[in-house]
Amino acid sequence: MKKTWIIVSIISVLIIGIFLYLKFRKSADFEPLIKAKLQQLVKDGSNGLYVLNLDKIEVDVIDSKVKVHNAELLIDSARLKVLIAQGTSPVDVYKISVSDIDIDGFNVDDLLNKKDMNLNIINIKNPVVEIFHPVNKSDTIKKDTSSLYSKIQKSIGRFQLNMLAVSNMQFIYHNISGKEKTTNFNNVSMKFKNIEIDSLTQFDTTRFLYAKEALIQFGGYTARTADSLYFIKTDSLTLNAARKTLNVTGLYFTPRYSKQDFSKQLKFYKDRYDIKFNTASFKNIDWYNLFLGESFNATQAELNDGTMEVYADKNIPPSGKSKMGNYPHQMLMKLTFPVNVDTILVKNFKLTYTELNPKTEKTGSIIFDDIQGVITNVTNIKENIAANKIMKVAATSKLMSAGNLSATFMFDLTKTKTGDFTLDGDLGAMDGTVLNKATKPLGLFEVNSLSIKKLKLHIKANNDNAHSAVFFVYDDLKITALKPDDGKLKHRGFLSFVANTFILNKSNTGNEAENKYVFYKRDPDRSFFSLIWKSILKGITNTAS
């Protein structure tokens with residue numbers, strides 16, 4: 001019995017000793033071996049392009065935990081030159097530094113003896129990731145089609161990780177083609193779930209970097225436009241890389257200056273735009289090339305709960321330069337990168353056009369609210385245009401919150417040099433007095449009464465002119481002419497009497513209602529919307545006078 005207790009005591013002491021040794025010695029015996037193994041994996045997986053430096057590794061065998069401090073993934077510049085010369089280098093290279101990596105579920109024996117590795121969680125804190133693009137500009141790059149698994153299978157068997165979590169990442173993109181441009185994203189977080197690297201998943205197209213689910217969240221992003229007049233901003237972006245979806249909260253194209261200060265920045269007249277969307281989403285998006293600024297490809301985009309205000313200060317002199325070539329489809333073709341979006345959905349959008357009249361020093365506005373629209377075949381790719389040459393914009397809205405308005409634009413993508421497009425519009429019954437928000441300060445007349453029954457139009461236009469058919473039915477038209485006087489608008493009684501008595505037709509609801517065919521010669525320094533408005537206005541005035 002005594003011998004039994006002695007044996008039990010000896011075994012207990014040995015177990016406690018082994019436990020204490022493994023608990024407190026930690027990485028002293030394993031660190032060099034693990035470092036060498038990990039460095040070899042990186043070298044094999046990158047064809048010798050990258051070098052892994054590790055400051056310190058702490059291994060807790062008892063709790064199956066590992067801590068890595070100050071890790072760096074560096075580029076072997078000598079090896080990069082060799083790969084470029086061979087035409088086998090990647091287009092982009094990466095430089096990564098990490099302050100802390102925590103690994104849970106680590107089995108030292110798995111790593112050192114080349115067995116399958118199964119980990120629970122890897123937490124990476126405060127990494128800095130830099131992408132340099134493009135490193136190799138050659139058109140003869142031999143694309144490496146081999147998978148990561150095929151490169152590392154000699155060093156490691158099957159690899160499985162339940163969760164990879166990255167917090168507070170700084171992402172820096174260096175576009176080094178021509179004049180270098182740097183883009184920064186801060187406070188980026190990532191969660192990759194169900195990562196498996198083996199002979200089967202190496203060809204699984206439903207995974208992203210071998211992960212079944214890959215969520216990447218970006219904090220607020222701000223960039224300044226080339227003319228320094230606007231900011232492009234987002235509150236947050238969430239990318240599901242495996243599903244190729246991108247969700248944006250708070251999307252803005254906003255001026256740097258107030259309306260008054262914006263005008264002071266201009267030598268010549270420019271419209272001021274202020275665009276906001278509460279949310280935006282994209283499906284089947286090529287997000288990587290989008291972030292690189294090299295292309296924009298998606299099957300569907302959805303823009304929700306947005307506003308757009310266009311402000312025109314007519315006190316600023318025009319530049320005298322032609323605005324030819326600035327129609328929507330012409331601007332699309334001028335982009336320096338490929339664009340292809342099958343469908344863009346616009347939901348609950350409000351458009352306001354506000355103009356400051358120098359004669360009255362007052363502003364007038366035309367408002368289109370509750371806009372619901374669909375834009376299809378948004379592309380500047382020749383092969384796609386050959387298959388479908390029409391970019392279509394179809395929308396419904398409320399004009400001045402009163403009349404139901406529908407409009408359909410058809411832009412011919414094969415005739416962007418001449419700017420060919422058509423517009424079909426239909427406005428339902430509405431009280432015309434709501435137009436006074438625009439007519440009084442801008443047109444210097446007040447609509448005392450007007451019952452609009454119907455307005456239908458068809459416009460066929462190009463760079464130079466527009467041929468229009470306008471069908472306008474109305475009743476009970478009466479106006480008051482106005483004039484600016486000491487900051488106020490005063491009635492012009494005699495002119496109002498002449499207009500209502502001898503010039504204007506009070507009604508055309510009878511048999512006299514007919515299409516008015518009008519021709520409008522475009523003023524080259526006027527905009528796309530000016531051409532449309534002037535064509536409609538000419539048809540209306542021809543009907544009413």
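Quick notes
- Asp424 in contact (Cβ under 8 Å) with a residue 12 or more places away in the chain, open to solvent by 60 Å² or more (accessible area, probe 1.4 Å) and within 24 Å of Thr408 (Cα to Cα): yes
- Residue count for region 526-545 under the criterion of being in contact (Cβ under 8 Å) with a residue 12 or more places away in the chain and more than 22 Å from Phe411 (Cβ to Cβ): the result is 6.
- Filter result (at pLDDT below 95 and crowded, with 16+ Cβ neighbours inside 10 Å) within region 392-404: Leu399, Met400, Ala402, Gly403
Residues are listed down the side, and each one gets a yes or a no for (1) at pLDDT below 85; (2) touching a Phe, Trp or Tyr at 6+ places or on another chain (Cβ under 8 Å):
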site	(1), (2)
Lys437	no, no
Leu442	yes, no
Ser451	no, yes
Ile459	no, no
Leu482	no, yes
Ile540	no, yes
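- A residue that is touching a Ser or Thr at 6+ places or on another chain (Cβ under 9 Å), buried (at least 17 other Cβ atoms within 10 Å of the Cβ), at pLDDT 80 or above and within 18 Å of Ile101 (Cα to Cα) can be found somewhere in region 45-61.
- Taking the numbered list (1) buried (at least 17 other Cβ atoms within 10 Å of the Cβ); (2) farther than 29 Å from Lys270 by Cβ; (3) modelled with pLDDT of 95 or more in turn, Gly432 passes all entries but (3).
- When region 397-412 is filtered for residues that are out of contact with any Ser or Thr (no Cβ under 7 Å at 6 or more places or on another chain) and either in a loop (DSSP other than H, G, I, E, B) or small (Gly, Ala, Ser) (or both), the ones remaining, listed by number, are Ser397, Met400, Ser401, Ala402, Gly403, Ala407.
- Residue within region 334-342 that is surrounded by fewer than 13 Cβ atoms within 10 Å (Cβ to Cβ) and β-branched (Val, Ile, Thr) present: yes
- Listed by position, the strands (runs of 3 or more DSSP E) enclosed by region 449-530 that each have at least 3 residues that are open to solvent by 70 Å² or more (accessible area, probe 1.4 Å) and out of contact with any helix residue (DSSP H, G or I) (no Cβ under 6 Å at 6 or more places or on another chain) are 488-491, 515-521.
- The residues of region 228-237 that are free of Cβ contacts under 8 Å to residues at least 24 places away in the same chain and buried (at least 17 other Cβ atoms within 10 Å of the Cβ), listed by number, are Thr234, Leu237.
- Scanning region 198-256 for residues that are among the aromatic types (Phe, Trp, Tyr) and under 19 Å from the mean Cα position of the chain (by Cα) yields Phe218, Tyr221, Tyr230, Phe231, Tyr252, Phe253.
- Residue list for region 309-333, restricted to those being open to solvent by less than 40 Å² (accessible area, probe 1.4 Å) and not charged (D, E, K, R): Val310, Tyr311, Ala312, Ile316, Gly325, Tyr327, His329, Gln330, Leu332
- Qualifying residue in region 351-372 (condition: modelled with pLDDT of 95 or more, over 27 Å from Asn436 (Cα atoms) and under 27 Å from the mean Cα position of the chain (by Cα)): no
- If you go through region 238-290 and pick out every residue that is more than 30 Å from Leu356 (Cα to Cα), open to solvent by less than 70 Å² (accessible area, probe 1.4 Å) and touching a Lys or Arg at 6+ places or on another chain (Cβ under 8 Å), you end up with 5.
- Candidates in region 109-131 are the residues that are assigned to a helix (DSSP H, G or I) and either of a type in the set (S, T, N, Q) or exposed (fewer than 15 other Cβ atoms within 10 Å of the Cβ) (or both); of these, the one that is modelled with the highest pLDDT is Asp109.
- Single residue of region 459-488 satisfying the filter (touching a Gly at 6+ places or on another chain (Cβ under 7 Å) and of a type in the set (S, T, N, Q)) that is farthest from Phe529 (Cα to Cα): Ser468
- From the options Asp204, Asp144, Asp198, residue that is farther than 24 Å from Glu130 by Cα and either surrounded by fewer than 15 Cβ atoms within 10 Å (Cβ to Cβ) or at pLDDT 85 or above (or both): Asp204
- The residue that is nearest to Tyr173 (Cα to Cα), counting only those in region 81-100 that are open to solvent by less than 30 Å² (accessible area, probe 1.4 Å) and among the β-branched types (Val, Ile, Thr), is Val93.
- Scanning region 354-391 for residues that are outside any helix (DSSP H, G or I), open to solvent by 50 Å² or more (accessible area, probe 1.4 Å) and within 24 Å of Asp420 (Cα to Cα) yields a count of 3.
- Leading residue by the ranking (nearest to Val91 (Cα to Cα)) among those in region 295-308 that are out of contact with any helix residue (DSSP H, G or I) (no Cβ under 6 Å at 6 or more places or on another chain) and crowded, with 17+ Cβ neighbours inside 10 Å: Asn297
- Look at (1) surrounded by 13 or more Cβ atoms within 10 Å (Cβ to Cβ); (2) at pLDDT 80 or above and you find that Ala78 fails only one, number (1).
- Residues of region 155-195 that are outside any strand (DSSP E or B) and surrounded by 18 or more Cβ atoms within 10 Å (Cβ to Cβ): Ile156 alone.
The values are calculated or read from the model by the stated rules, or taken from the named source; none is laboratory data. Predicted model, so just to flag it, every value in this text is computed and none were measured. Reconstructed Cβ throughout: ideal geometry from the backbone, glycine too, with neighbour counts over all protein chains shown. With ligands, DNA and RNA removed, areas are computed over all heavy atoms of the protein, side chains included. Shrake-Rupley method; radii C 1.70, N 1.55, O 1.52, S 1.80 Å.
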